[in-house]
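Each remark here refers to the structure printed beneath this line.
The values are calculated or read from the model by the stated rules, or taken from the named source; none is laboratory data. Values in this document were obtained by computation on a predicted structure and should not be read as measured data. Positions of Cβ are generated from backbone atoms using ideal geometry, with glycine treated the same way; all protein chains shown enter the neighbour counts. For accessibility, only protein heavy atoms count, side chains too; no ligands or nucleic acids. Shrake-Rupley method; radii C 1.70, N 1.55, O 1.52, S 1.80 Å.
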Amino acid sequence: QGYTIDSGPDALSTGYKNYLALVNDLGLGASVVPSSTVAGVVRNGRVYDIDTQNALSMITTGALSWRAKFKFLLGYLRIANIIKCIDNFALVESARLVSADTPAQQFSEKYFGREITDYLIDPLTRLVAGSGARQITPLSFLGGFKAWSMPLVNVLGGLDVVPKKIASQLNIIYNADVTQVHESKSGVDIVYCDGENE
């Protein structure tokens with residue numbers, strides 16, 4: 001009835017350039033559509049909708065105090081240059097930008113305060129890293145922050161369309177042990193043993 005319901009296991013932003021290039025290579029580029037810009041923040045048992053692409057929505061939301069919003073803005077301005085330099089798909093190359101000695105939670109509280117950390121940053125880290133801000137490094141958090149500050153998109157039919165399309169193009173041989181994988185300019189060669197021959 002005109003609604004798109006994502007049947008895939010994750011979400012996608014325009015910051016995922018390599019993934020979107022793969023989608024195009026698979027011939028699915030025309031299936032990429034804008035996603036909702038509204039995010040829900042849960043606080044005191046209530047869901048507050050915030051339109052992430054609408055500054056007024058973020059400023060006027062009742063999900064956060066005015067003090068927290070101001071502290072977030074100041075903190076963001078302090079680390080904007082670091083975020084700009086991070087390549088969220090090559091975090092190792094960005095490791096020199098922040099210390100890995102403190103958890104992301106401590107880093108976030110330093111720049112944004114406890115309220116923003118509890119209600120925005122910790123949920124974000126759970127989405128992008130699968131664990132809370134106490135368990136990841138500031139670099140992982142900042143990479144996720146950069147990727148998710150870009151517009152969200154979706155693939156018509158759900159994100160599981162992509163792995164299904166990849167699988168449909170693979171020659172899958174069951175009960176085989178892969179012994180070697182070689183990457184070349186023309187593709188990937190796999191050496192395997194299926195019990196009868198190699």
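Within the range 46-59, how many residues are more than 30 Å from residue 165 (Cβ to Cβ), at pLDDT below 90 and open to solvent by 70 Å² or more (accessible area, probe 1.4 Å)? Break it down stepwise before answering.
Our first condition is that a residue be more than 30 Å from residue 165 (Cβ to Cβ); within the range 46-59, this holds for 46-51, 54-59.
Adding the requirement that they be at pLDDT below 90 leaves 50-51, 54-59.
Still in the running and open to solvent by 70 Å² or more (accessible area, probe 1.4 Å): 56, 58-59.
So the answer is 3.
Suppose the filter is open to solvent by less than 90 Å² (accessible area, probe 1.4 Å), within 20 Å of residue 27 (Cβ to Cβ) and either polar (S, T, N, Q) or in contact with a Cys (Cβ under 9 Å, 6 or more places away or on another chain) (or both); does residue 154 pass it?
Details: open to solvent by less than 90 Å² (accessible area, probe 1.4 Å): yes; within 20 Å of residue 27 (Cβ to Cβ): yes; either polar (S, T, N, Q) or in contact with a Cys (Cβ under 9 Å, 6 or more places away or on another chain) (or both): yes.
It is true that residue 154 is open to solvent by less than 90 Å² (accessible area, probe 1.4 Å), within 20 Å of residue 27 (Cβ to Cβ) and either polar (S, T, N, Q) or in contact with a Cys (Cβ under 9 Å, 6 or more places away or on another chain) (or both).
Among the residues of the range 44-97, write down those that are of a type in the set (D, E, K, R) and under 22 Å from residue 115 (Cα atoms). Don't jump to the end; show me each part of the working.
From the range 44-97, those of a type in the set (D, E, K, R) are 46, 49, 51, 67, 69, 71, 78, 84, 87, 93, 96; that's our starting set.
Of everything in the range 44-97, those that are of a type in the set (D, E, K, R) and under 22 Å from residue 115 (Cα atoms) turn out to be 46, 49, 51, 67, 69, 71, 78.
Report the residue count in the range 1-14 for those that are modelled with pLDDT of 75 or more, among the small types (Gly, Ala, Ser) and surrounded by 11 or more Cβ atoms within 10 Å (Cβ to Cβ).
1
Kindly provide the set of residues from the range 15-45 that are part of a loop (DSSP other than H, G, I, E, B) and open to solvent by less than 50 Å² (accessible area, probe 1.4 Å), ordered by number.
As a first pass, look at the range 15-45 and keep what is part of a loop (DSSP other than H, G, I, E, B): 15-16, 26-28, 35-37, 44-45.
Correct list: 15, 26, 28, 35, 37.
Pick from 16, 3: which is within 30 Å of residue 164 (Cβ to Cβ) and without any contact (Cβ under 8 Å) to a residue 12 or more places away in the chain?
Numbers: 16 fails: without any contact (Cβ under 8 Å) to a residue 12 or more places away in the chain.
Testing whether each residue is within 30 Å of residue 164 (Cβ to Cβ) and without any contact (Cβ under 8 Å) to a residue 12 or more places away in the chain leaves just 3.
Residues to consider are 141, 145; find the one that is touching a residue at least 60 places away in the same chain (Cβ under 8 Å), in contact with a helix residue (DSSP H, G or I) (Cβ under 9 Å, 6 or more places away or on another chain), under 18 Å from residue 74 (Cβ atoms) and not acidic (Asp, Glu).
Working: 141 fails: touching a residue at least 60 places away in the same chain (Cβ under 8 Å).
From the options 141, 145, the qualifying one is 145.
Return yes when residue 112 is within 11 Å of residue 139 (Cα to Cα) and of a type in the set (Phe, Trp, Tyr) and no when it is not.
Judged against the criteria, residue 112 is not a match.
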